Each structure stands twice: as structure tokens, then as C-alpha cells.
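Student: Just dropping this structure here.
The values are calculated or read from the model by the stated rules, or taken from the named source; none is laboratory data. Quick caveat: nothing in here was measured; it's all calculated off a predicted structure. Cβ: placed from backbone, ideal geometry, glycine included. Neighbour counts: every protein chain shown. Heads up: the accessible areas ignore ligands, DNA and RNA and are worked out on the full protein's heavy atoms, side chains in. Shrake-Rupley method; radii C 1.70, N 1.55, O 1.52, S 1.80 Å.
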Amino acid sequence: MPARRIRFDEEDRFGAFLWKRDEAPTGEGRLSGIPVAVKDNISTRGIPTTCGSRILEGYIPPYDAFVVDRLIAEGAAVVGKTNMDEFGMGTTTENSAYGPTRNPHDEGRVPGGSSGGSAAAIASGMVRMALGTDTGGSIRCPAAFCGIVGLKPTYGRVSRYGLVAYANSLEQIGPMGRTVADVSLLMEAISGYDARDSTAADRAYLHTPQQEIRGLRVGVPEEFFGSGVDPAVAALVWKAIERLEECGAEIITCTMPSMAYALAAYYVTCMSEASSNLARFDGVRYGPPCDVRSSWHDAFQERRKDGFGPEVRRRILLGTFALSSGYYGRYYAKAQAARANVRADFARLFADVDVLAGPTMPTIAFRFSEKSDPLSMYLSDILTVPANLAGVPAISVPCGTVRGMPVGLQITGRHFEDERVVDTAYVYEQVAA
Ligand code: GLN
């Protein structure tokens, strides 16, 4: 079934999709009969895959990503590709070369990002489930802003074969859905070993969410409620944590000092990896037409200047600088040391508690263009990036609204304890309903 280009038509008021196709689910399996949307940085055979970028305009992958193979094998229909910040670089889906996506709860606000299209497609009822990717919060942020559930799995639990890389030491493909049970089901379908991704672990997720969390030790680092967190969001999330206590969990306040360096470590690392990963895009076979007939060097420069948007160019430049000789030790190496501290902090905390809880995002969804300078945008990722730096699983589950906009409760767990993170969110979801 050929894919159609759609932007803001009557069936997609919020601009969630870039491409759609009328595909009926036919197969038998765990997802039989379910239409699933796929973020546009995940390769789909025969359907354009642009990563929200002009530099990949016209690219149609000749193969399916591992996760897309799994969806089809489980009986789902891939009904389209969702909008995203270019190459996953952003927190709002405003950085798409094809225009932004709007938040279904308030069209004047962003859906979050970078998997904003997937979140809006679910929140507006267009699909029941979708795949997103999370390098520093890109599943959890839009899940929180759009009032749905999103899981960033443990690093290695889902194959990245066929995912267009942005920062491969940080990112994971993960499930998004309206309920924790749906997210768990989609996670079952996409997890598992794949020899084509050397970081894929042989630890399939096979799990039905459990009701019971009695005796669960829930840590609450005070830094999760630090400066920059909207007091109304903080109050709502505390109320949610108290609900967990009523269900038999033990709440333990603690501290996570490495949070002071986590954001800087994340941004130096992801920009460095991006500068290397994006070096392959030369604009020769795909991307905006360009008739530079001068030297190869000039043509290359011209095409990359036209093909990449301003945020992607900024990150390639900064990442290249951070890796350059003479500066490498000062930036990249230091970021890796800070990253090791974040991992050590999680390990220390997880010796005493089973999961950590706090807000997913410090605020509700921003109004369009509310954040105009890159730094203030980056700061809003402070609560989501630590899980990526350490590779641990984290889920965002809706916990109410502030000024009419959804807020997410984030539960983070130990490596390969995605099941426990899902169970905790499931119990909360049941009592909150
Ligand atoms: N907002 C973060 C960034 O811009 C996270 C993006 C993501 O997870 N892909 O890098």
C-alpha cells in the first residue's frame, strides 16, 4: 500500500503524521488488529523515512528496522510515520523541517518532543499505540505533555537496527500508548535479541503488569524537585507519590548530587556523537536539489547548509568542537567522567531503593515559541537525561493536570528491571483512575 504525504488535513488536525497509508492489520499475533504509528527516524521498507529533515527528503529505505519487522510479525499494521524534531534534536517537535505538531490538549502549545507526532497521534485517538525514540527524554517528555504513557527501556533491551542514529550510546526505541497495559504489550512485541545490533542484550521482556507493590521502596531524590520545577507540577507529583504510599510502598527521600552535572554531560555527549553520526549525510542521493558545480568541498558544504536545520547545524558544530584535538580532554572526556558519576549515583541509590519517582518534566507543555533560546530549552530536559546517561529504564505515566494541561509522573528503575517500572506505573494508574 503506497504511503501518502499528509500535513494538517481533516483526518490529522494536529499534524501528527508526515506519511500515512491505508493498511489493514491482517496478521496473527500479540498485536493482531492494532494500527501502530512509527516515528520517522525508524526505517520502514517502501515508506519514506526522513527524520524530520530535508537532507533525507526522498529517501525510501530498502529494509525494515528490527522493531518494524516485529510489529508486522505480531500482526500489527504500520499505518504511518510520525513527525519529530529533526533527527530527534529538540523538546517540542518545533524543529521539524515539515512544520510543527500541535498538542491535542491545547493547539497553542507544543506536544513535547522529539517524539511529538507519536504522542499527538495517540492523544488525539488516531492510533492506539506508537513507537518513539528516547535519547534524552524524547519518549517521556511528549508522553507527559500529551497525557499518555511512554517507556524508555533499559539500554540494549530493544534493537536499534534500522534506527537512524543521533547519539547511539544514549538512545533507545520504546513503546507509547494510552495505558500502561498497552505500553507493556507493545514492549513485549519489540524487545529481544538481535545479532545486527551489537549492543542488543538477550533479555526479552515478557510480562503482564502486576497489581502488587506492597513493600516496594520508592526513592525520591530532592534534586527531582529542585529549582525550575513549577510548584503546581511538584505538588501534583507529590500527591501521586503519596498514592503509591497508600498502596503499600515505602517512600524514602534521598539525594542525587550528580544531577548538577547531568545536563552538561548529556549535551556534550549527544552533540559529539551527533557530529560523527551525521557526517554521512552528503545530500548527493537525497535532499534538496542543489546545482553547485564547483568543487566537491563547496558542494558538500552547500548541501549540508541547506539540508540541515539551524538546531542540527548548531549541534554538529558544537559537537565537532568538543571532539577536536586540544579540546577533547576539556569537554568530551570530562562529560564521560560526569556520566560515570551519574551511573555511580544510580547504583548507590538502587542499593537502598527499588525505584525512583519524580516529575517527568519540570513544567507543563510550553506555548509555541515560548522558549526561544536554546539553553532554556535544554534546561527543560534536566529530569529525563539522567536515565539515558546511565542506561536505566524510565516510564512516564499521567498523574493529573495543571491549568488544564497533563503532567507526568516518572518512575525510574534498575537496569533490566523494566518490569518493575511498568508495575509501579500500572498500580498508580489503577488507583488514580
Ligand atoms: N530534548 C533532548 C535533545 O534535544 C532529547 C531528545 C531525544 O531524546 N531525542 O537532545
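Student: From the list Gly408, Gly413, Gly400, pick out the single residue that is open to solvent by 10 Å² or more (accessible area, probe 1.4 Å), modelled with pLDDT of 95 or more and among the small types (Gly, Ala, Ser).
Tutor: Gly400
Student: Answer yes or no as to whether Thr133 is part of a strand (DSSP E or B) and open to solvent by less than 10 Å² (accessible area, probe 1.4 Å).
Tutor: yes
Student: Among residues belonging to the stretch 103-130 that are surrounded by fewer than 22 Cβ atoms within 10 Å (Cβ to Cβ) and part of a loop (DSSP other than H, G, I, E, B), point out the one that is farthest from the ligand (Cβ to nearest atom).
Tutor: Looking only at the stretch 103-130, we keep the residues that are surrounded by fewer than 22 Cβ atoms within 10 Å (Cβ to Cβ), and these are 105-109, 124-125, 128.
The next check asks that each one be part of a loop (DSSP other than H, G, I, E, B); those that pass are 105, 107-108, 124-125, 128.
Values: His105: 20, Glu107: 22, Gly108: 21, Ser124: 22, Gly125: 25, Arg128: 23 Å.
Here the answer is Gly125.
Student: Only one residue in Ala235, Ala279, Ala264 is more than 16 Å from the ligand (Cβ to nearest atom), under 30 Å from Thr320 (Cα atoms), of a type outside the set (Lys, Arg) and open to solvent by 30 Å² or more (accessible area, probe 1.4 Å). Which one? Give the derivation first.
Tutor: Numbers: Ala235 fails: under 30 Å from Thr320 (Cα atoms); Ala264 fails: more than 16 Å from the ligand (Cβ to nearest atom).
So the residue among Ala235, Ala279, Ala264 that is more than 16 Å from the ligand (Cβ to nearest atom), under 30 Å from Thr320 (Cα atoms), of a type outside the set (Lys, Arg) and open to solvent by 30 Å² or more (accessible area, probe 1.4 Å) is Ala279.
Student: Quick one: count up the residues across the stretch 131-170 that are among the hydroxyl-bearing types (Ser, Thr, Tyr), within 11 Å of the ligand (Cβ to nearest atom) and under 22 Å from Leu31 (Cα atoms).
Tutor: Counting residues in the stretch 131-170 that are among the hydroxyl-bearing types (Ser, Thr, Tyr), within 11 Å of the ligand (Cβ to nearest atom) and under 22 Å from Leu31 (Cα atoms) gives 1.
Student: Kindly indicate whether Thr320 is polar (S, T, N, Q) and in contact with a strand residue (DSSP E or B) (Cβ under 7 Å, 6 or more places away or on another chain).
Tutor: no
Student: What strands (runs of 3 or more DSSP E), lying completely within the stretch 326-420, carry at least 2 residues that are within 15 Å of the ligand (Cβ to nearest atom)? Working first, answer last.
Tutor: Details: elements: 355-359, 394-402, 405-413.
The strands (runs of 3 or more DSSP E) meeting that bar are 394-402, 405-413.
Student: In the stretch 323-368, what count of residues is obtained for those that are polar (S, T, N, Q), open to solvent by 60 Å² or more (accessible area, probe 1.4 Å) and in contact (Cβ under 8 Å) with a residue 12 or more places away in the chain?
Tutor: Total satisfying the criteria: 1.
Residue-by-condition table, conditions (1) open to solvent by 10 Å² or more (accessible area, probe 1.4 Å); (2) at negative phi; (3) of a type in the set (A, V, I, L, M, F, W, C):
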| position | (1), (2), (3) |
| --- | --- |
| Ala144 | no, yes, yes |
| Gly147 | yes, no, no |
| Pro153 | no, yes, no |
| Arg160 | yes, yes, no |
| Asn168 | yes, yes, no |
| Ile173 | no, yes, yes |
| Val180 | no, yes, yes |
| Arg196 | yes, yes, no |
